[in-house]
């Protein structure tokens, strides 16, 4: 990954269908290239055939929510193991923010639960020249196929949370890049 992740929060609603998780989508929406993220609000309606998670697809699952905050992160040149760890870092930062706002999250891998109800969906997936991450955070979880909660129910401002999450994620990646450059090799 590069030292700097660029990002933009889009000012229009977009329904996330799973087809947005593809190389070039972030650039098409924002003009940002390299390690970049696009965030937006919109419903989530992912049909079984558009699921990237093979276990969920085989089980015939779908993903639905009336309103989510979505992040799509494109990481050219990033191998899948590093992208999965980056995805988990993003989710850990979200849990840290929620804790600071008086919410008691429980993280299981790349998912966050509040009182046993799911708050997020997330996936890291490879493309030919790198990896992509999607993180969806329920704002209004109505219509979800599993017990779920949303930011409105939790009393958390979705716009402020998204701005805070992206800023902290960007800073954490920059800090990690600096840490990588300040050490020498050992025998």
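Taken together, the values in this text are just the output of simple stated rules run on the coordinates, not laboratory data. No experiment lies behind these values; they were computed from the predicted model shown. So basically every Cβ, Gly included, is an ideal-geometry build from the backbone, and we count neighbours across all protein chains shown.
Note on region 148-173 and region 72-86: Cα centroid distance 21 Å, given to the nearest whole angstrom. Mind checking the angle between helix 158-181 and the chain's longest principal axis? C-alpha axes, 0 to 90 degrees, to the nearest 10. Taking the Cα atoms of the chain, the angle to 158-181 is about 20 degrees. With a cut-off of 14 Å on the backbone N, the residues of region 153-187 near the modelled label site 7 Å out from residue 82 along Cα-Cβ are 173-174, 176-181. Assuming a ≥ b ≥ c are the square roots of the Cα gyration tensor eigenvalues, decide whether region 52-98 counts as rounded (a/c under 1.5), prolate (otherwise, with a/b larger than b/c) or oblate. Verdict is oblate for region 52-98.
For 134, 70, the sequence from fewest to most other C-beta atoms within 10 Å is 134, 70. If you stretched the chain out fully between residue 49 and residue 92, how much longer would it get, using 0.36 nm times the residue separation minus the C-alpha to C-alpha distance? Full extension of this stretch gives 12.6 nm more. Report summary: the helix-based calculation at 222 nm, which adds -39500 (n - 2.57) for every DSSP H run with n ≥ 4 and divides by the residues of the chain, gives -10000 deg cm²/dmol. Model label sites at residue 168 and residue 104, defined 7 Å from Cα along the beta-carbon direction, differ in position by 1.9 nm. How far apart, in nanometres, would the label points at residue 175 and residue 33 be if each is projected 7 angstrom from Cα along the Cα-to-Cβ direction? Result for the modelled spin labels: 3.1 nm. Kindly identify region 6-175 as rounded, prolate or oblate by the Cα gyration tensor criterion: order the square roots of the eigenvalues as a ≥ b ≥ c, call it rounded if a/c is under 1.5, otherwise compare a/b with b/c, prolate if a/b is larger, else oblate. It is rounded, given that a/c, with a ≥ b ≥ c, falls under 1.5.
On full extension, the segment bounded by residue 160 and residue 22 gains 47.0 nm, given 0.36 nm per residue less the C-alpha separation.
Cβ-to-Cβ counts within 10 Å put 78, 92 in ascending order as 92, 78, the fewest first. Relative contact order for the chain: 22 percent, from Cα pairs under 8 Å spaced at least 6 residues apart, divided by residue count.
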